[in-house]
1. Answer with yes or no whether B:Gly248 is over 24 Å from A:Pro17 (Cβ atoms) and either modelled with pLDDT under 95 or surrounded by 17 or more Cβ atoms within 10 Å (Cβ to Cβ) (or both).
2. Based on what the data block shows, is A:Thr64 more than 9 Å from chain B (Cβ to nearest Cβ), in contact with a helix residue (DSSP H, G or I) (Cβ under 6 Å, 6 or more places away or on another chain) and not in a helix (DSSP H, G or I)?
3. Any idea how many residues of the stretch A:83-141 are closer than 16 Å to B:Ser229 by Cα and small (Gly, Ala, Ser)?
4. Hey, A:Glu76 hits all of (1) within 10 Å of another protein chain (Cβ to nearest Cβ); (2) on the phi > 0 side of the Ramachandran plot but one; which does it fall short on?
5. Any idea which residue in the stretch B:300-325 is surrounded by the fewest Cβ atoms within 10 Å (Cβ to Cβ), counting only those that are over 17 Å from B:Leu340 (Cα atoms) and touching a residue at least 60 places away in the same chain (Cβ under 8 Å)?
6. Report yes if some residue within the stretch B:101-109 is in contact (Cβ under 8 Å) with a residue 24 or more places away in the chain, more than 12 Å from chain A (Cβ to nearest Cβ) and either in a helix (DSSP H, G or I) or buried (at least 24 other Cβ atoms within 10 Å of the Cβ) (or both); otherwise report no.
7. Hey, any hits in the stretch A:315-333 for a residue that's small (Gly, Ala, Ser), touching a Phe, Trp or Tyr at 6+ places or on another chain (Cβ under 7 Å) and within 18 Å of A:Met297 (Cβ to Cβ)?
8. From A:Val67, A:Val93, grab the single residue that is assigned by TED's automatic domain parsing to the domain that holds A:Leu207 and closer than 24 Å to B:Val67 by Cα.
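The values are calculated or read from the model by the stated rules, or taken from the named source; none is laboratory data. What you are looking at is a predicted structure, and each value in this text was computed from that prediction instead of being measured. Cβ sites come from the backbone with ideal geometry, for glycine too, and all protein chains shown count toward neighbours.
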Number of protein chains: 2
Amino acid sequence: MMNPKPYIPVERILLGPGPSPVPQRVLRAMAAPTLGHLDPDYLAIMDNTCEMLRQVFRTKNLLTFPVSGTGMAGMECIAVNMIEPGDEVIVCVNGVFGTRMKDVMERCGAIVHAIEITWSDVFTLEQIKTVLDQHPKVKLVGIVHAETSTGAHQPLEGLAELVHGRGALLVVDAVTSLGGHELCVDDWGIDAIYSGTQKCLSCPPGLSPVSFGERALARLDARKSKPQSWYLDVSMLRKYYTDGGGGGGRVYHHTAPINMTYALHEALVMVLEEGLDARIARHATMHQRLRNGLEGMGIRYIPKRSLHSLNCINIPAGADDAGVRRRLLEEYGIEIGSGLGPMAGKAWRIGLMGHGASIRNVDLVLAALREVLR
Amino acid sequence: MMNPKPYIPVERILLGPGPSPVPQRVLRAMAAPTLGHLDPDYLAIMDNTCEMLRQVFRTKNLLTFPVSGTGMAGMECIAVNMIEPGDEVIVCVNGVFGTRMKDVMERCGAIVHAIEITWSDVFTLEQIKTVLDQHPKVKLVGIVHAETSTGAHQPLEGLAELVHGRGALLVVDAVTSLGGHELCVDDWGIDAIYSGTQKCLSCPPGLSPVSFGERALARLDARKSKPQSWYLDVSMLRKYYTDGGGGGGRVYHHTAPINMTYALHEALVMVLEEGLDARIARHATMHQRLRNGLEGMGIRYIPKRSLHSLNCINIPAGADDAGVRRRLLEEYGIEIGSGLGPMAGKAWRIGLMGHGASIRNVDLVLAALREVLR
């Protein structure tokens, strides 16, 4: 039998692919006393949280709420609700998260037509149009806005017109972009989108903000079968997170993660205090500052079109991947990310997300890299 | 546009069906700085958490860990991993959570033979044996140890022998019993079990402790199809939560809810500091004290065999259900639970769970009920 004893926390500077550094204000908010999930005070906080999420997603979608799980639960929530067995879908694969989307949708019984391109590249409208032309029955196109495995930043403008023209839905993974990159759910015509709290929102991991537009809800209402997941069934979740407009009040579904909601609420207050435009501009500025420093050291970026929130770089020739990361962690308390999947051993991933995207962190990580790469 | 402002918390005494009151120590632990999910320090906390969970479940099962979602995610995790489409299963239904288990398993493609009895009653071995005799191909029997909707306490001794004798697995819902009622996973031969953090463990909601025994893992290894959920796929999760014994190290699956793990770790430290036997005895004593008080006021318990952690009582004739609960909340800051499903308007549910099972709370809620029922 182990001897139980309280955990004494260490402090890291989180400059990996997420989680990102969480401000003290958010940690403190999370530690407020737990309320019941049907308490009027808690429902008010949840309503405010959903309203702030709408602002950050730039959407009027009523059904915008945090799924009770981490980012991958948000991906799965959209897949199980939007797909019925036998549906044909297109998934754009240029990294780990596109690959996962394909896997998740296949588990929902979808016939997935994957468009695979070189990892770290991004898709052109023409590439997607070609595959849509080949598969006229496609009901959904899934694409990753911010590929956390490669740092590639996928443009989305114009895609919805193409997809909607074929009667399909546009589904977007915005886990590493929400709150750090320009993202306009309504203007860009996105039908269903999911994100995570632990990236550019600087909240601990544990919730996955999602938003469903009218086309997506029409698809949900037209389903012939129940979604295969009870936990993620939006036809029930919507009766808890909204009163459905019918005045029927809130219907208990599952016990929401109360204290995580406090944290997300405070994180969103901080996003809106700063202003979404100013926050996005800060991410761009800090990315450019880091990029200038790294390129000045002769380090090259892997993707042609890099995210601001995640910088995926080649490990310099002769550098010891694990050794460098261990020294950063042990000597500086800095976490950066290793390469994921086929990029293991070839790439490092430096996140500048949310609270972490600061001049202090950029200059520190550059100084630390100069030291450990000497 | 709403004006974003920080939330000012209210304090309630949570004596409903969960969440239960969270000790300040746990809230404070949860607010420790967020670490990365592959940080060696975080993996050490996760290992300790799993080891403490084994002690609380009274099991040696290596694969014992907290699923990244609330209790219903734990139920779904076991269902998607243990069931393949077309499998015949038996589900024992005597309340809302048995009904849900039937729904969840049907969504996994199971042919469910439900044994339905009067809600608030519990099952006899003979009843289950009769249905097993009718369906010799049954691969799994699911039953609820602590029915949160009715307060009924299901005995489990002897059931595994019966179920294993037919080559089936025994799956148990222990959401409202773990840490507050006697529960012996190994001695009782339970093959797979799930619980929640927000009941007798007195941790905020957000995680679902689960444990899988050898028979369950053999079932998993023999699957012909992938589990329909990626997020809850134990064949991948086990590579993150354990090194699988193969020395292959930890493999990233999803970003675990880091700060929730801190909270669960501290909550489990508190359980083991008190001692599991002492904690279970405290729940029994406080239940009896509440029961004596309520019965002295002429209030009757609904289930014949009541849980200690949840007291489901008839609303006294003439009392205004919602009015009484509102007065308790507004005048005393006390939350109790309404009746769920068909018991709405007929029952109240008073939880005495974990930190909440104290003489202070028992005497207070009795005094408050005497006042508002005058």
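1. Values: over 24 Å from A:Pro17 (Cβ atoms): no; either modelled with pLDDT under 95 or surrounded by 17 or more Cβ atoms within 10 Å (Cβ to Cβ) (or both): yes.
Answer is no for this residue.
2. Yes; evaluated as a whole, the condition is true for this residue.
3. 2
4. A:Glu76 satisfies every listed condition except (2).
5. So, considering only residues that are over 17 Å from B:Leu340 (Cα atoms) and touching a residue at least 60 places away in the same chain (Cβ under 8 Å), the one surrounded by the fewest Cβ atoms within 10 Å (Cβ to Cβ) is B:Lys304.
6. So far as the stretch B:101-109 goes, no, none of its residues is in contact (Cβ under 8 Å) with a residue 24 or more places away in the chain, more than 12 Å from chain A (Cβ to nearest Cβ) and either in a helix (DSSP H, G or I) or buried (at least 24 other Cβ atoms within 10 Å of the Cβ) (or both).
7. First, the residues of the stretch A:315-333 that are small (Gly, Ala, Ser): A:317-319, A:322-323, A:333.
Filter once more, so that each one left must be touching a Phe, Trp or Tyr at 6+ places or on another chain (Cβ under 7 Å): none.
Among the residues of the stretch A:315-333, not one is small (Gly, Ala, Ser), touching a Phe, Trp or Tyr at 6+ places or on another chain (Cβ under 7 Å) and within 18 Å of A:Met297 (Cβ to Cβ), which makes the answer no.
8. The unique qualifying residue is A:Val67.
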